[in-house]
Amino acid sequence: MSEMKRSILMVGESNVGKTHYGAQLLKRLIVGGGALYMEGAATNLTPFEKAMDSLAEGRATEHTPSTTYVESIWPIADSLGQSASLVWPDYGGEQVRSLVTERRVPGAWRERAVSATDWLLLVRLHTIRTANDMLSRPINTLGEGRVDETPHQVSDQAKLIELLQMLLHVAGINRDAPLTTPSLSVLLTCWDELGAEGTPRDILEDQLPMLFSFITSNWKNPMFMGLSALEKPLSQSDADEGYANRGPEEFGYVILPDGTCSPDITLPIQRLLADNSTA
Ligand SMILES: Nc1nc2c(ncn2[C@@H]2O[C@H](COP(=O)(O)OP(=O)(O)O)[C@@H](O)[C@H]2O)c(=O)[nH]1
Ligand SMILES: [Mg+2]
């Protein structure tokens with residue numbers, strides 16, 4: 001990642017943990033000691049500053065307003081001294097949901113999809129709603145009379161696939177060959193909620209097999225990692241004193257592709273930049 005501008009298109013619905021990861025990551029970049037550190041002055045930190053202040057008091061921060069879209073520019077470097085300018089967004093995740101429900105991609109989102117060098121998809125498995133599909137309602141029951149009155153709904157899994165398809169389409173990306181640019185990394189967020197054992201890749205394949213197969217058949221070398229930006233749930237109103245006393249930078253971890261745990265939450269970004277540095 002020698003002196004290049006890398007722009008991350010972070011895709012995640014509301015409540016997946018975008019803002020808290022941004023705040024925790026920013027803090028680590030500033031404090032140093034991880035694989036990546038901040039090399040100069042970052043711009044536009046407002047959305048994260050508020051979250052960092054809350055976390056310093058041991059509280060979670062409030063929900064990002066749905067219309068907000070802010071890009072913060074972070075000049076970062078790794079331990080080899082290679083640097084990059086990281087464009088890190090924060091926005092109300094409802095925007096992502098409405099891309100799919102309205103089946104329309106506003107110009108600004110198209111522009112982001114076109115210009116980003118790396119796509120980072122945040123998925124919080126705990127909040128994913130699975131709907132009836134081949135597995136829960138096998139094909140041989142389709143002809144039977146209606147047994148319940150629940151209307152058919154598209155599953156969250158199908159919506160995530162649709163979202164990726166739409167972004168690939170509006171970005172004009174040719175899918176004849178497995179994709180390397182933009183790169184795709186999947187972060188399974190709020191890992192502490194899952195109580196799961198295994199590699200992030202295996203867990204995604206197990207829980208969202210259709211999304212997993214869409215990703216692995218379209219991207220050449222997708223990366224799968226787990227993330228717990230906070231390490232545990234925090235309340236917005238009741239401060240966790242232990243958290244505040246130790247400091248938020250002492251909390252949080254990532255699960256690397258091989259299933260090992262590391263406290264360095266800058267690693268997903270360092271890896272995705274390093275893995276795709278020639279892209
Ligand atoms: N347990 C747990 N909760 C988290 C973690 N990260 C964020 N949260 C909670 O998840 C909710 C959504 O986080 P937020 O960053 O606001 O999501 P955003 O809407 O994608 O920006 C908040 O209530 C956070 O307190 C985590 O690592 N672990
Ligand atoms: Mg947010």
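Points worth noting:
- Short-range pairs are left out: with C-alpha atoms under 8 Å and at least six residues apart, the relative contact order of the chain is 25 percent.
- Förster radius 45 Å - calculated FRET efficiency between ARG129 and SER79 (Cβ-Cβ, nearest 0.05): 0.65
- The charge dipole of the chain, taken about the Cα centre with unit charges on the Cβ atoms of Lys, Arg (+1) and Asp, Glu (-1), comes to about 800 debye, rounded to the nearest 20.
- Anchor LYS18: lysines whose Cα lies under 25 Å away (excluding residues fewer than 8 positions away in-chain): LYS5, LYS27, LYS50, LYS159, LYS232
- Nitroxide proxy distance, nm - points 7 Å out along Cα→Cβ at VAL154 and SER98: 1.7
- For the chain, leaving out every one of the trypsin sites (Lys or Arg not before Pro) that falls in a DSSP loop and has at most 14 other Cβ atoms within 10 Å, the longest unbroken run is 1-102.
- Percent RCO, i.e. relative contact order, over region 1-120, from Cα pairs under 8 Å lying at least 6 residues apart: 40
- Extension gain, THR46-ASP275: 0.36 nm per intervening residue step, less the Cα-Cα distance, totals 79.4 nm.
- For the chain, share of DSSP beta bridges that run antiparallel, in % to the nearest 5: 50
- Label point distance in nm, GLU71-LYS220, each placed 7 Å from Cα along Cα→Cβ: 2.6
- Shape analysis of the chain yields a ratio of the Cα radius of gyration to the Kirkwood radius, Rg/Rh, of 0.97.
- Extension gain for GLU193 to ALA56 (0.36 nm times residue separation, less C-alpha to C-alpha distance): 47.2 nm.
- The residue list GLN24, GLN82, VAL105 was ranked by how far each Cα lies along the charge dipole of region 1-115 toward its positive end, using unit charges on Cβ atoms, and VAL105 comes out on top.
- Based on C-alpha pairs under 8 angstrom that are at least 6 apart in sequence, region 195-266 has a relative contact order of 35 percent.
- Euclidean distance between Cα centres, region 36-50 to region 196-210, Å: 33
- Linear extension gain, GLN236 paired with CYS261, 0.36 nm per residue minus alpha-carbon span: 6.3 nm
Read the figures in this text as sums done on the coordinates, not as results from a lab. The structure displayed is predicted, hence computed values, not measured ones. Don't worry about glycine lacking a Cβ; one is built from the backbone with ideal geometry, like all the others, and counts go over all protein chains shown.
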